[in-house]
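As structure tokens, the structure follows; a few thoughts come after it.
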Amino acid sequence: TNALPIWIFRPTGQYDHFGPSILLLSFLFSVSHLTFHLGSGGWSPLDTDHYQWLQVDLGSRKQVVAIGTQGRYSSSDWTSKYRLLYSDTPKNWRPYLQDGNIWTFEGNGNSEGVVRHELQHAILARYIRFIPLDWSQEGRIGVRLELYGCSYWADVISFDGHGIISYRFRSKKMKIVKDVLSLKFRTTARDGVLLHGEGQQGDYISLELRRARLQLSLNLGSNQYGSIQGHTSVVSGSLLDDDHWHSVVVERYRRNVNFTLDHHTQQFRTNGEFDHLDLDYEISFGGLAVSAKPSSGGRENFVGCMEGITYNGDNITNLVRRKKVDTSSFRNLTFSCAESSSFPVFFNSTSFVRLPGQSDSDTLSVSLSFRTWNPNGLLMFTALVDGWVEVGLTEGKVTVYMNVTQRKNTRIDISSGSGLNDGQWHSVHLNALENYAMLTVDGDEASTVRTAIPIQIQTGGTYYFGGYFMHTNTRSPQRSFQGCMQMIHIDDHLADLRAVEQGHIGTFENVSLDMCAIVDRCVPNHCEHGGRCSQTWDTFSCNCSGTGYTGATCHTSMYQQSCEEYKHLGKSSGSYWVDPDGSGSIAPFRVSCDMTEEKVWTTVKNNLSPQTSVSNADQEGKAVLQITYNVTDEQVLSITGNAEYCEQYVAYACRMSRLLNSPDGVPFTWWVGRKCSCGIEHNCTDPKHYCNCDADLRSWKEDSGLLVYKDHLPVSQVVVGDTSRAGSEAKLTIGPLKCQGDREWNYWNAASFTSPASSLHFPSFRGETSTDISFYFKTSSTHGVFLENLGTTDFLHIELRGSVVSFSFDVGSERVELSVRSPVPLNDDQWHRVEAEKNVKEAALQLNGQYREVRPTPPQGHTKLEFYRELYIGASSGRRGFLGCMRALKVNGVTFDLEERAKVTPGVSPGCQGHCNSYAMHCRNGGKCVEQYNGYSCDCSLTAYDGPFCTDVKSLSGVGVPSEANLTQEELVFSFSTSSTPSILVYISSRTQDYLAVVLRHNGGLNITSAYSLGGLTEPHTIDVDHRNLANGQPHSVNVTRNLREIRIQLDHYPVYTYTLPGASDIHFNLVKSIFLGKVFGKSLQHAGLRGLSVEVQFNSVAPLKAALRSGLAAPVSTHGILVPSNCGASPLTISPMASASDPWHVEAAGVVFPFNEDKSSGDGVDRNFAIIGGIISIVIFTVLCIMVFVIRHMFRHKGSYHTNEAKGAESADCADAAIIVNDPAFTETIDESKKEWFI
């Protein structure tokens, strides 16, 4: 332990002298001396304001890893917030940064407690400056300070722009599969080559500064035809010309590279297909070697300092010191780093510096260098004897305004440059003399702007930089400058800013002298997935257009993860963008989704046209076809990896072009299994071979089949080896890749929590600067913790509180909480979705895709979250956990397998039931929702529709048609809507006298007639069901079911009526022939056809409308006239069931009194009397309504029975088909026996 003497401390002022052993610096992680109370002591400046600092000289460069603070001994003086600056010299200070921000440390809250901070990144410096920001409200600034760390030493080499280190290899050529190089550099130049090596075959490695950013370029080899391009370039960092040390490490193994700059690592793979770096002779540091190719020239050598240069285990700087390396190009080789002569000034929004100049001069000359991110700001202002001059930034260009009041407020405006708010240093020089003014930007004399001045100016002698505070009415609107300035010249003399700091000349306010604390908020780039970052001095923003992602940092995917998810959102077949890993690294891509079956097909197309001719064989007689897809290999793997089954159709048409050369030859084209499908099924053209093409015939043959082994899909290249013979031809077809099913059950992966003390435990995960969590839940409970993860300092928690979902987490020392309230109860046992996201800019919580809260996150503390405890789905630490079902839990796009973990966890069971409660509305047109273990399906068998949601009428593999059969039972279901009477709704004929007809007719009142003639009777048997007007243009449903002689009829929602055929009637419906919808055609067109809508017609398993509306399918269906598909089937019945208010069986309407809660009962006897009286009245009303319902039901039942009379007039009908029409006077025409069969 080394206790450094008191003279190493340099304060701005002191209140107490430093007592012995009070301020100590310990290295090698010693026990803190701050806890020793050895008398009074500590540092407390005379003035308590924001201009105080305490500076520590460590004697030489040290590596500092922690800091501890304590208040001044036995006092009310302490520092509650502070910052640290550091430098190798007592000037050009650099602030300590963490998470891309100038870091503010939390200090003390009293004078005796010790607060220690471990630095996220070690400080390597000789000088440390302690800057108090906030302090005790009871006293003043005070501190006892201790730093922790160890010694540091490294060889330093100074580069002057001419000297180059040439490190020669032991052999002339090096073929390297693994590289490790590291170095530290420091410079004020924004361009220069740090390292370069190349080979005669075109390989190279280069590390250079370009516009103060570090670029690593690699090429492991390109072929001479240009089909393989190995050049790879990666850029990192910015503002690297700040004259501070920056560390670089490059690690390469084959094509995998880690590129680390100042603790930020980029991982990438080089382009091309080669793994070795082939270098010749040497590798150079500080510039290009003399042996470099001429094409590599034109780049500047490095100017600055380097230290710790190592390459593949060799310490280059040590070899230079030992003169083991060629340094002959150096004019003067030095092993030290010269101090910078620059003196920057850092301005915030309330800063200014006032400097003196010549007064009453007819020449004005001002120049300076600046760097900023803001497009607008004031650089300089000076008042003239008559007027003023202002130099500023306007939309990224330098503008000069001169206002001369002597000539009626003559105003002169000139501007130059563009995009000068890019964070780089830019110079400005303004000269105004005699009768003209000149403006030069970045020393470009060719673009100097000149303008005439009508009169001669006279300077005022005072200049304001960065801002100004004058109490005059003539000043222009103030635009404060945020950024850095240096090299300020007034009247062609360099301003002595160090004298300004010491108070000898000029004045300043709220500036930081000898420091440029500019921060690039876009490095590292927090805009994910290719989002474009832009910034101002205070913040950054992301442009996410064209990325497929959204949010403040382009983190959240705009698309679903699979076709399966689109299906359950109610989407139909089509082309969709999918993002299989959500917010992960795989970019979204377009696929085709086929949702006509229960399992969804995902299709990815390729560039090969069907029946592509195979030609252009190489010298070996082989033709190579490259199959490309609209997706990358990683994207394809995301599809096949999550699918249960994949297939790809391959067809090889051939004429004298053998395929496998089976059974024993060397295959010309490889096929998994060495057999074609005909070889497996033993039906090849030539039984001696396993493929049709192996017969080697002059006629065209074909081998085709499906490839289903997922690991070999998709087909990316086909090599055909037998097309070079005379007369040989081949044509290849590669179908699209098709995958089906969700192997991981990602969308339906669920667990049921049956106890509030139960929870699922998952391994802890390392959070990212952006973290997203999403899941579905349903519950009947009002409270419970969904999930939480507790780290040593970090915290993440999502909870249900009544109708509110809350999301809370820690950022640094602050806790952020968001909450979203639902207008409807969340304990309704329906599925609800929660989406939470946090990033470096904001946090967002969204409920059910519409209720959302967004809140900015604190600027400090966005280190990657460290969670050391398990992730709890449910609650930990004895809190009330979630009760209900949770599914599709995803963290950063990765689905957690709840089902698998639930199998071994008490109180939690895998899967959830009750999906139809939330998703039954997706089953349209009468489809029935069927519960499944994971999810649900729609049963469309009793509808006239197909598809996963019973909405598709155009795509089905086959169609059922009526067959001639003898039926003892049948069911006829249909819906209709019409305003026309009389009308035939459905007519079913047979090849005998049997038939069934449902007719809407007018006979005094509207009724529906169901007529049966099954033989054994002299007259057809009719059933009249009298109801309200059914020709009212509204949809109505009819169900007619017969079992032997029992007939059941239901109309709309009314009760089922039961009728019985006479005993003499036959029970067989013989030889069913045809189904007519709309109209029955005979010798002439009948006027009794249906004019309206017919929907969902089904006779047993036959759906005639479905068959009629399908295109391109062979079916015995004929139509006459115009048949138009309609959406009427999607409309609900307009005659709804009886409202609860008038329903005598509805509990609330009937006034039934349930046992009351004793805790809430009133002690007032009057209330009980009212309750008794109300109960009696309710019972009387209930009894009367029941009697009325019984009488009405009895009347309708008997009315139906009395009207079941046998029809008269059937004898005169031409045929059985026409009997029902002849029986009705409204139907006057007959039906021809030889009529055609029409399905509409």
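Please work out the Cα center distance from region 682-737 to region 1030-1068, rounded to the nearest Å.
One Cα centre to the other: 60 Å.
If each of VAL249 and SER609 carries a label point 7 Å out from its Cα toward its Cβ, how far apart are those two points in nm?
If labels sit at VAL249 and SER609, their model points lie 5.5 nm apart.
Considering all alpha-carbon pairs of region 396-454, what whole percent are spaced by more than 15 angstrom? Numbers along the way, then the final one.
Working: 875 of 1711 pairs.
Roughly 51 percent, rounded to a whole number.
Using modelled backbone amide H atoms (1.01 Å from N, in-plane), which distant-in-sequence or interchain residues come within less than 5 Å of VAL986's amide H?
VAL998
What list of ³J(HN,Hα) couplings, whole Hz, do you get for region 374-391 from phi and the Karplus terms 6.51, -1.76, 1.60, once you set θ to phi - 60° and write x for glycine and proline?
Values, residue by residue: 7, x, 10, x, 8, 8, 8, 9, 9, 8, 8, 4, 10, x, 7, 10, 9, 10 Hz.
Can you tell me the mean projection area, over all orientations, of the convex hull of region 65-205's alpha carbons? Units nm², please. Don't skip to the answer; put the middle values down first.
Numbers: hull surface 51.1 nm².
For region 65-205, averaging the hull's shadow over all directions gives 12.8 nm².
Going by average Cβ density within 10 Å per residue, which order do the peptides 282-290, 431-439, 116-124, 382-390 take, highest to lowest?
Numbers: 282-290: 22.9, 431-439: 16.6, 116-124: 14.9, 382-390: 19.4.
So the order, starting with the most tightly packed, is 282-290, 382-390, 431-439, 116-124.
To the nearest 10 square angstrom, how much accessible area does ILE102 have with a 1.4 angstrom probe?
Surface open to solvent at ILE102 totals about 40 Å².
If a/c stays under 1.5 just call it rounded; otherwise compare a/b with b/c (prolate if a/b is bigger, oblate if not). Do that for region 513-665, with a ≥ b ≥ c from the square roots of the Cα gyration tensor eigenvalues. Don't skip to the answer; put the middle values down first.
On the way: a/c = 3.80, a/b = 1.87, b/c = 2.03.
Note, shape of region 513-665 comes out oblate.
Give me the number: length gained by fully extending THR596 to SER359, i.e. 0.36 nm times residue separation minus the C-alpha to C-alpha distance, one decimal in nm. Before the final figure, lay out the partial values.
Working: separation 237, 0.36 × 237 = 85.32 nm, distance 8.70 nm.
Extra length available between THR596 and SER359 comes to 76.6 nm.
Residues with amide H under 5 Å of TYR995's amide H, sequence separation 5 or more or different chain, H placed in the peptide plane at 1.01 Å from N; which?
SER1013
Which distance in nm do the two modelled labels at GLU300 and ASN101 give, with both placed 7 Å along the Cα-to-Cβ direction?
About 3.5 nm, to one decimal.
Taking R0 as 45 Å, what FRET efficiency do you get between GLN456 and THR536 from their Cβ-Cβ distance, rounded to the nearest 0.05? If you can, show how the numbers build up before the last one.
Details: r = 40 Å, r/R0 = 0.88.
So, using R0 = 45 Å, E works out to roughly 0.70.
Whose amide H sits under 5 Å from the amide H of PHE330, counting only residues 5 or more places off or on another chain, with H placed in the peptide plane?
Residues meeting the amide H criterion: ILE164.
Just list whichever of LYS178/LYS710; LYS599/LYS890; LYS62/LYS91 have alpha carbons separated by over 28 Å in the model shown.
Details: LYS178/LYS710 34 Å; LYS599/LYS890 22 Å; LYS62/LYS91 17 Å.
Beyond 28 Å: LYS178/LYS710.
Roughly how many nanometres apart are two label points built 7 Å out from the Cα toward the Cβ at THR260 and ASN510?
Those two pseudo-labels are separated by 4.0 nm.
Under 20 Å from a point placed 7 Å out from the Cα of SER76 along the Cα-to-Cβ direction: which residues of region 109-141 have their backbone N that close?
Residues 109-113, 133-141 qualify, since their backbone N sits under 20 Å from the label point.
Could you tell me the calculated FRET efficiency between SER182 and LYS928, based on Cβ-Cβ distance and R0 = 56 angstrom, to the nearest 0.05? Before the final figure, lay out each step's value.
Values: r = 68 Å, r/R0 = 1.22.
After rounding to 0.05, the efficiency reads 0.25.
Go through 125-133, 586-594 and give me the packing order, highest mean Cβ count within 10 Å leading. Kindly include the intermediate steps, with their values, before the conclusion.
Details: 125-133: 20.8, 586-594: 19.1.
In descending order of packing, they fall as 125-133, 586-594.
By how many nm would the segment from SER233 to GLU970 lengthen if fully extended, with 0.36 nm per residue of separation less the alpha-carbon distance?
Numbers: separation 737, 0.36 × 737 = 265.32 nm, distance 7.51 nm.
257.8 nm is the gain from fully extending SER233 to GLU970.
By average Cβ neighbour count within 10 Å, what is the ranking of 606-613, 896-903, 691-698 from highest down? Working shown, then result.
Values: 606-613: 13.8, 896-903: 19.1, 691-698: 21.4.
So the peptides 606-613, 896-903, 691-698, ranked by packing, come out 691-698, 896-903, 606-613.
Rounded to whole Hz and in sequence order, give me ³J(HN,Hα) for region 887-893 from the Karplus expression 6.51 cos²θ - 1.76 cosθ + 1.60, θ = phi - 60°, writing x for Gly and Pro.
Karplus-based 3J(HN,Hα) across region 887-893 equals 8, 6, 6, 10, 10, 6, x Hz.
Multiplying the sequence separation of GLN1050 and ASN543 by 0.36 nm and subtracting their Cα-Cα distance, what value in nm do you get?
Numbers: separation 507, 0.36 × 507 = 182.52 nm, distance 6.10 nm.
Answer, rounded to one decimal: 176.4 nm.
What number results when the radius of gyration of region 502-574, computed over Cα atoms, is divided by 2.2 N^0.38 Å? Don't skip to the end; give the middle numbers.
Numbers: Rg = 22.6 Å, N = 73, 2.2 N^0.38 = 11.2 Å.
Its radius of gyration relative to the 2.2 N^0.38 Å reference: 2.01.
Please give the FRET efficiency for GLU729 paired with ASP633, using the beta carbon to beta carbon distance and R0 = 41 Å, rounded to the nearest 0.05. Walk me through the numbers on the way to the answer.
Details: r = 32 Å, r/R0 = 0.78.
Efficiency, rounded to the nearest 0.05: 0.80.
When a/c is below 1.5 the answer is rounded, else prolate if a/b is larger than b/c, else oblate, so apply that to region 43-144 with a ≥ b ≥ c taken from the square roots of the Cα gyration tensor eigenvalues.
Numbers: a/c = 1.81, a/b = 1.59, b/c = 1.14.
Taking the square roots of the gyration eigenvalues as a ≥ b ≥ c, region 43-144 is prolate.
What are the principal axis extents of the Cα atoms in region 108-175, in Å, biggest first?
Computed over the Cα atoms, the extents are 72, 27, 19 Å.
The values are calculated or read from the model by the stated rules, or taken from the named source; none is laboratory data. As the structure is a computational prediction, the values presented were derived from the model and not from experiment. As a convention, Cβ positions derive from the backbone with ideal geometry for all residues, glycine included, and neighbour counts pool all protein chains shown. Ligands, DNA and RNA are stripped out before the accessible areas are found, and what is left, the full protein with its side chains, is counted by its heavy atoms. Shrake-Rupley method; radii C 1.70, N 1.55, O 1.52, S 1.80 Å.
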